[in-house]
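What follows is calculated from the coordinates using simple rules that are stated; it is not laboratory data. Given the structure is predicted, the values throughout are model-derived calculations rather than measurements. Quick reminder, even Gly has a Cβ in these numbers, built from the backbone with ideal geometry, and neighbours come from all protein chains shown.
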């Protein structure tokens, strides 16, 4: 399987090979959904926390006698129906929301998304991106020639301060290392741009 290799000016300069086991799998939408839920659930930070009866400090004295006042029966001033009382059935940070998923399933879900990008013509391969200095304007000029829609995810093979800082202020664009390609980012950003070195790493992935 082959696709076009483009220059920084988005001119076709050749072709590159794509690994059929990565970009040519049977797309499993159910598996993609499971992988997305798995990623979002495990990234969730459980910070919401309310105090229960045992956590709230204060007097537990009965406010007034049970009968004879004509008022509703009342316990302590720390009752959940009173101001500054404990919270009934509130969120606790002891809840574990993490999920589990087999590594092979996660990898196959990733391949399914990459296959979808290729089939929908939303995968572009660049030979390289090189600038003389760090400027947002330089990256904007590159993107102006790019036939992309809405948003771009640029995968780098290694850390590249020139590219990362030049694209940091561009809305609807994100750069990340190809080793950290993930379902959430691939679904969020419409177009995936791989550098030639990045593609070499992706082609070596196995199930």
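Summary of values
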item: Proportion of all alpha-carbon pairs of region 44-130 beyond 19 Å (%); result: 69
item: The chain: most fluctuating residue of 26, 127, 55 per GNM, C-alpha cutoff 10 Å; result: 55
item: Mean Cα-pair separation over length for region 47-96, i.e. relative contact order, pairs under 8 Å, 6 or more apart, %; result: 47
item: Whole-number D in µm²/s for region 47-96 (Stokes-Einstein; Kirkwood sum over Cα pairs; 10 °C, 1.306 mPa s); result: 129
item: Relative contact order of the chain, defined on C-alpha pairs under 8 angstrom at six or more residues apart (%); result: 26
item: Peptides ranked, highest mean first, by Cβ atoms within 10 Å: ranges 8-19, 163-174, 60-71, 104-115; result: 104-115, 163-174, 8-19, 60-71
item: 222 nm mean residue ellipticity, helices alone, for the chain (DSSP H n ≥ 4; -39,500 (n - 2.57); rounded to 500); result: -9000 deg cm²/dmol
item: Helix 103-119 axis, angle to the chain major axis (alpha carbon atoms, nearest 10°); result: 50
item: Within a Gaussian network of the chain (alpha carbon springs, distance under 10 Å), most fluctuating of 134, 32, 81; result: 81
item: Shape metrics for the chain, restricted to C-alpha atoms - Rg then Dmax, Å; result: 26.9, 93
item: Antiparallel bridge percentage (DSSP; both residues within the chain; nearest 5); result: 25
item: Listed residues 39, 57, 130, most fluctuating in the chain (Gaussian network, C-alpha, under 10 Å); result: 57
item: Cα-based helix-to-principal-axis angle, 29-42 vs the chain, degrees rounded to 10; result: 50
